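Every number in this text was worked out from the coordinates using simple rules, so none of it is lab data. The structure displayed is predicted, hence computed values, not measured ones. Note: ideal-geometry Cβ built from the backbone for every residue, glycine included; neighbour counts use all protein chains shown.
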Amino acid sequence: EALVAAIPENVNKSAEYALRGKMPQPPQGATAKPENLDATASTITESNESEKNGAKAAPGENPNQGPLQKHRVDSLGRALTTNQGVPVGDNQNSLRAGLRGPTLLEDFILREKITHFDHERIPERVVHARGSGAHGYFECTEDITSLTKAAPFAKVGKRTPVFVRFSTVAGERGSADTVRDVRGFAVKFYTEEGNWDLVGNNIPVFFIQDAMKFPDVVHAVKPEPHHQMPQASSAHDTFWDFISLMPESMHMVLWQMSDRAIPRSFRTMQGFGVHTFRLVNAAGEATLVKFHWTPMLGTHSLDWDEAVKIAGADPDFHRRDLWEAIEGGAFPEYLLQIQTFTEAEAERWSFDVLDATKIVPEELAPLRTVGRLVLNRNPDNFFAETEQVAFCTQHIVPGIDFTNDPLLQGRNFSYLDTQLTRLGGPNFHEIPINAPVAEVHNNQRDGFHRQAINRGRVNYEPNSLAGGCPFQAGARGFATVAERLLAQQAATEPSKLRAKPEKFADHYTQARLFWASQTPVERAHIARAFRFELTRVQTQAIRERMVRMLRNVDEGLAARVAADLGMPLPEPLSMVAPPIKNPEVAASPALSLFARPGDGRILGRRVALLVADGVSGAAASALYDALLLAGAVPRYVGARLGVVRTAEGDELPVEVTIEAAPSVLFDAAALPPGGGAAALARDGLAVEFVQLQYRHCKPLLVPASAAPLAEAAGVRAAAAASDADPGLLVLPDDAVAGAAPAFIKAIAMHRAWQRQTEPPAV
Ligand code: HDE
């Protein structure tokens with residue numbers, strides 16, 4: 001405590017910025033040292049019909065998949081062999097000297113099998129280890145050839161094959177999907193001019209402004225080094241210690257404490273390129289651009305209490321949701337939207353577009369839809385594809401270029417570098433999932449696991465022995481946008497330095513913008529998240545420093561969190577630069593999670609129809625069929641597998657049990673019409689099922705005869721207390737079959753947050 005308290009704030013922070021035209025002083029070696037410190041402590045439709053990929057592919061299909069056929073293995077009807085193809089006669093016994101004797105070294109079959117097994121794992125990604133992937137295509141829907149010559153935008157209607165990987169950041173490969181975390185949204189476009197990787201997140205800003213701090217922020221959030229706890233969680237001292245000393249993280253932290261960090265599904269979250277990039281047209285003219293992926297089903301999240309319980313009930317919740325949606329034909333779909341602006345416009349704004357802790361509000365540069373992304377095929381093999389896919393920010397194609405965002409510049413080094421260890425050498429581009437559909441010709445040779453058999457004696461350029469081939473592409477090839485950097489600099493500014501520009505020093509204006517743009521429900525959830533995370537923090541001085549930081553965002557939020565933590569309101573932290581007086585935008589409705597409710601479809605939504613003996617089979621099955629038709633996933637949920645007897649004397653199958661598929665795995669529930677509720681009201685698990693549906697503000701259909709179950713769960717009493725609850729459909733039994741449209745509408749709304757109280761009523 002004393003140690004932490006002795007560093008009240010990051011006093012060196014202002015030394016990082018060029019403030020008021022003055023160059024910063026060289027930073028000191030260490031933050032102020034407390035006295036008592038203990039030192040010991042495509043469409044590849046048009047081209048590419050080549051030797052490499054054989055035949056022409058259908059629009060949006062990866063033509064490399066054709067030749068992959070020879071690598072796919074299907075062992076049906078085949079005998080077991082060694083890796084050398086030798087048939088194995090006995091796969092049960094190792095070779096030994098006598099029945100009870102030692103195993104012989106001669107047993108090459110055993111040795112090969114065990115050796116291979118011993119090396120089956122590769123290092124997991126140092127961040128974003130937990131992920132799920134899918135194949136699909138990108139389709140250009142608007143002509144933006146005046147802005148970019150990038151291959152995916154060559155023509156309206158053109159389809160380019162893609163592979164997408166969604167991920168969490170902090171957790172290990174086997175960690176739960178629904179933890180509070182940023183989600184990765186990485187897209188690999190296989191264009192005929194090479195691969196373009198847009199490696200984004202579901203939050204449009206980042207914690208830090210310079211790649212130099214990335215290892216620090218990741219070390220701080222990962223399990224603490226002495227005891228390797230906690231897993232996949234930011235709710236611990238080291239994370240908040242770091243954050244509270246890094247005011248530039250405040251904007252991102254508000255997003256992270258919002259429900260954006262607990263999405264309902266990968267299908268219901270946005271994606272962002274985060275950095276400002278450049279689009280480059282055929283004339284070589286550049287436009288600055290931000291990339292957005294917008295889900296057709298809208299942006300929807302979980303409730304925190306629900307997310308925590310799902311992590312136990314189904315740690316693969318998001319992976320399963322993605323897999324099942326694609327298997328069921330409910331293909332996840334997103335719009336690609338861009339914001340474009342000129343250097344001159346960017347120059348006038350109060351924030352720097354090279355600062356990844358800032359967004360460009362939609363009020364300043366509106367979104368323009370230019371394409372759509374459709375995910376329509378699950379991988380054949382998780383390891384071969386999802387695990388071995390290597391996204392690299394430096395994978396860009398003609399028509400796209402970087403900016404000088406210092407975070408992006410650092411990333412451009414990191415991604416290739418990390419693959420060398422993770423995938424075992426410089427030839428990872430030859431792994432099928434990473435191989436471009438464009439042909440690869442160069443003099444890069446050899447190395448571990450080389451697949452290509454390069455022919456001929458020439459492996460250098462220039463050459464005459466091979467007629468100068470492969471030759472430089474010249475004007476057809478990638479060209480970096482020419483820039484006159486030094487001309488933009490003040491005369492006093494050194495050409496080589498370690499410092500950040502003045503606008504980077506504004507740490508709170510956009511955090512305030514985000515807070516101001518949130519609805520009361522979202523604000524309540526953000527405050528609750530701070531309470532949870534900081535309650536888990538053990539060091540009082542860190543909690544205090546965070547509350548001091550929050551005072552620079554919003555006094556109300558700070559006061560609320562302080563009260564929740566049982567502490568008096570401390571002094572605000574000092575600011576490196578005064579807040580912007582009149583920011584261009586004070587509140588942006590587009591920043592609310594509720595700004596994108598979706599297109600009304602309920603594809604893949606899981607709906608429980610609770611059943612027990614005596615249920616009206618006619619009403620239940622009418623509801624079931626209507627939900628199925630709407631693309632949802634209805635399930636008859638009962639106490640035990642088998643069947644229940646309906647009121648009509650027929651049978652209904654129980655598809656899953658409450659025990660195996662508890663409440664949190666469903667988006668909505670209907671209590672049994674006709675009969676059966678009394679029996680369920682005596683089953684504690686069924687009562688809890690209904691309680692949690694209610695607590696998590698999910699649509700609930702309550703037929704009159706199911707009142708005993710609703711009452712046992714406390715739903716009726718709570719419903720009476722709140723007058724308007726659009727998620728609660730209480731109706732006569734004979735109205736259930738006809739209530740499907742209203743129920744579906746309530747499910748499309750996602751949650752009736754109006755119902756929520758602090759603490760929960762049920
Ligand atoms: Fe990453 N990041 N990152 N990152 N990142 C990695 O690359 C890194 C950043 C993102 O599904 C690593 O292949 C640095 C921002 C995604 O395979 C590594 C910095 C954004 C994925 C790496 C950042 C991201 C990664 C680990 C700061 C949003 C998963 C394994 C300069 C725009 C991709 C790997 C997948 C993965 C470095 C910051 C997104 C170590 C140095 C900002 C979606 O190279």
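Side notes on the structure shown:
- In this calculation the C-beta distance from Glu1 to Met212 is compared with R0 = 30 Å, giving a FRET efficiency of 0.55.
- Packing around the peptides 178-191, 622-635, 214-227, 507-520, taken as the average count of other Cβ atoms within 10 Å per residue, puts them in this order, highest first: 178-191, 507-520, 622-635, 214-227.
- In this calculation the C-beta distance from Ala678 to Glu327 is compared with R0 = 41 Å, giving a FRET efficiency of 0.65.
- Between Leu95 and Ile580, the contour length at 0.36 nm per residue exceeds the Cα-Cα span by 166.9 nm.
- Based on Cα contacts under 8 Å between residues 6+ apart, the range 417-572 shows a relative contact order of 12 percent.
- When only Cα pairs below 8 angstrom with a gap of at least 6 residues are kept, the range 342-464 shows a relative contact order of 20 percent.
- Extended-chain gain in nm, criterion 0.36 nm per residue less alpha-carbon gap, Leu685 and Ala559: 41.5 nm
- With N the number of residues in the chain, Rg(Cα) / (2.2 N^0.38 Å) evaluates to 1.06.
- Nearby lysines by direct alpha-carbon distance to Lys149 (threshold 27 angstrom, same-chain neighbours under 8 apart not counted): Lys52, Lys56, Lys158, Lys188, Lys290
- Size of electric dipole in the range 172-225: Cβ of Lys, Arg +1 and of Asp, Glu -1, about Cα centre, debye, nearest 20: 180
- In the range 641-747, GluC sites (Glu not before Pro) in a DSSP loop with at most 13 other beta-carbon atoms within 10 Å: Glu648, Glu659
- The magnitude of the dipole of the chain, with charges of +1 and -1 set on the Cβ of Lys/Arg and Asp/Glu and taken from the Cα centre, is near 880 debye.
- Relative contact order computed over the range 606-755 (Cα-Cα under 8 Å; 6+ residues apart), in percent: 25
- Taking a straight line from the alpha carbon of Lys22, these aspartates and glutamates sit under 14 Å away, with near neighbours fewer than eight places off in the same chain left out: Glu493, Glu502.
- Within the chain, helix-based [θ] at 222 nm, where runs of 4 or more DSSP H residues each add -39,500 (n - 2.57), nearest 500: -7000 deg cm²/dmol
- In this label model, Ile453 and His119 are separated by 2.2 nm, measuring between points 7 Å along each Cα→Cβ vector.
- Approximating the spin labels as points 7 Å out from Cα along Cα→Cβ, the Met23-to-Ala761 distance works out to 6.5 nm.
- Kirkwood Rh (inverse of mean 1/r, distinct Cα pairs), the range 606-755, angstrom: 14.7
- The label point for Thr657 and the one for Arg498, both projected 7 Å from the Cα toward the Cβ, are 6.2 nm apart.
- Of the peptides 89-102, 579-592, the ranking by mean beta-carbon count within 10 Å, highest at the top, reads 579-592, 89-102.
- For the range 131-430, alpha-carbon Rg relative to the globular expectation (2.2 N^0.38 Å, N residues): 0.97
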